[in-house]
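Notes follow the structure.
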């Protein structure tokens with residue numbers, strides 16, 4: 001006897017199969033103790049949230065609201081709050097967002113812990129979340145120097161201390177350093193630390209409307225020099241929305257050669273970028289569609305949820321994919337399917353999960369059953385996650401809402 005069989009499961013390639021699970025892994029077959037007929041619904045590997053500030057989640061309004069909606073005011077509000085945070089407060093809020101995420105099919109998260117300033121509550125709280133919620137969700141913690149590492153005395157040492165505490169990735173924010181020279185110095189230092197301590201790299205890079213902000217090319221060059229292809233991620237990269245065509249084309253070639261991952265964060269960047277522009281306004285996004293065409297791996301993150309930068313959000317990565325689709329012109333049928341892959345398979349590549357990720361015999365039985373038959377309908381409807389399975393166990397089950405108009409059921413589909 002095996003633990004579970006999913007019958008009539010539709011995969012991304014359109015095939016309908018039976019999926020068998022035993023001992024927490026996909027197996028070739030057997031007589032099941034439990035069978036779930038998923039009735040032709042789409043089954044994918046889990047959603048992967050590649051960029052999430054769990055330490056700031058659910059702090060919106062503390063100590064005040066970000067009334068301008070700008071990135072800089074958000075950083076100032078967060079700076080006012082974070083000295084008072086405790087490890088337990090960070091743990092409790094972050095754990096709640098992890099539960100929201102898992103219930104909606106996100107079983108892998110890369111979280112960013114602010115390590116600027118003297119308060120270690122953010123990194124210690126997220127390391128606890130990573131370790132104590134590992135059965136529910138796999139979490140990688142990035143040491144993120146929100147204020148840079150050279151603007152204030154001691155922040156470089158605090159970044160190094162976070163590495164000693166056991167973070168998974170080294171982060172940075174070079175465009176926020178006081179000068180471009182210090183930004184360059186920061187990029188080089190992040191690479192040195194990552195190579196020295198055998199950590200991956202995930203840098204907030206060029207999250208600005210300034211077309212002169214070009215630290216991404218430095219990251220690409222350092223990736224090649226240090227031989228770190230596949231181990232480096234550049235997040236946000238919104239200055240790409242302001243680069244002229246020739247430089248953009250050259251840069252995309254650099255990124256492909258280097259093997260850098262790029263993470264797009266639709267929520268905050270659709271609201272934050274272009275705030276100071278007259279009309280027409282820029283809506284700064286990395287060039288997702290063009291990067292994919294170039295062969296660069298691109299994935300998605302929720303980034304911010306009810307915090308000083310973004311008052312909304314509910315940890316739904318399909319919502320993020322839906323929004324990104326509109327801002328990046330990914331509207332072709334195959335492009336829509338690729339957008340869902342940015343939220344799943346491509347995210348797994350960003351987090352280097354491939355060996356333990358995917359619907360294949362022998363791999364952990366992690367998957368999501370959507371209440372829709374294909375990727376287009378998943379994103380169009382922002383479909384309910386009917387079942388979420390973690391290590392062969394159904395951890396979440398959601399009954400889709402039912403709407404009736406004059407007593408007749410409305411399904412919002414053409415069938």
Going through (1) in contact (Cβ under 8 Å) with a residue 60 or more places away in the chain; (2) surrounded by fewer than 24 Cβ atoms within 10 Å (Cβ to Cβ); (3) more than 24 Å from residue 386 (Cα to Cα) one by one, residue 303 fails only at (2)
Selection from the stretch 360-389 of residues under 19 Å from residue 134 (Cα atoms) and under 20 Å from the mean Cα position of the chain (by Cα) yields 366, 367, 368, 388, 389
Does the stretch 285-297 include one or more residues that are within 17 Å of residue 42 (Cβ to Cβ), in contact (Cβ under 8 Å) with a residue 12 or more places away in the chain and not in a loop (DSSP other than H, G, I, E, B)? no
Of the listed residues (74, 14), the one being out of contact with any helix residue (DSSP H, G or I) (no Cβ under 9 Å at 6 or more places or on another chain) and either at pLDDT 95 or above or assigned by TED's automatic domain parsing to the domain that holds residue 155 (or both) is 14
Of the candidates 175, 204, the one satisfying the condition of being surrounded by 19 or more Cβ atoms within 10 Å (Cβ to Cβ) and in contact with a strand residue (DSSP E or B) (Cβ under 6 Å, 6 or more places away or on another chain) is 204
Conditions (1) farther than 12 Å from residue 367 by Cβ; (2) crowded, with 22+ Cβ neighbours inside 10 Å -> residue 21 fails only (1)
The strands (runs of 3 or more DSSP E) lying wholly within the stretch 1-73 that contain at least 2 residues that are over 30 Å from residue 235 (Cα atoms) are 2-10, 16-22, 25-27, 32-37
Residue set 292, 323, 300; condition touching a helix residue (DSSP H, G or I) at 6+ places or on another chain (Cβ under 8 Å) and over 30 Å from residue 96 (Cα atoms); output residue 292
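The values are calculated or read from the model by the stated rules, or taken from the named source; none is laboratory data. For clarity, every value in this text was computed on a predicted model and none was experimentally measured. Ideal geometry is used to build each Cβ from the backbone, glycine not excepted, and the neighbour counts take in all protein chains shown.
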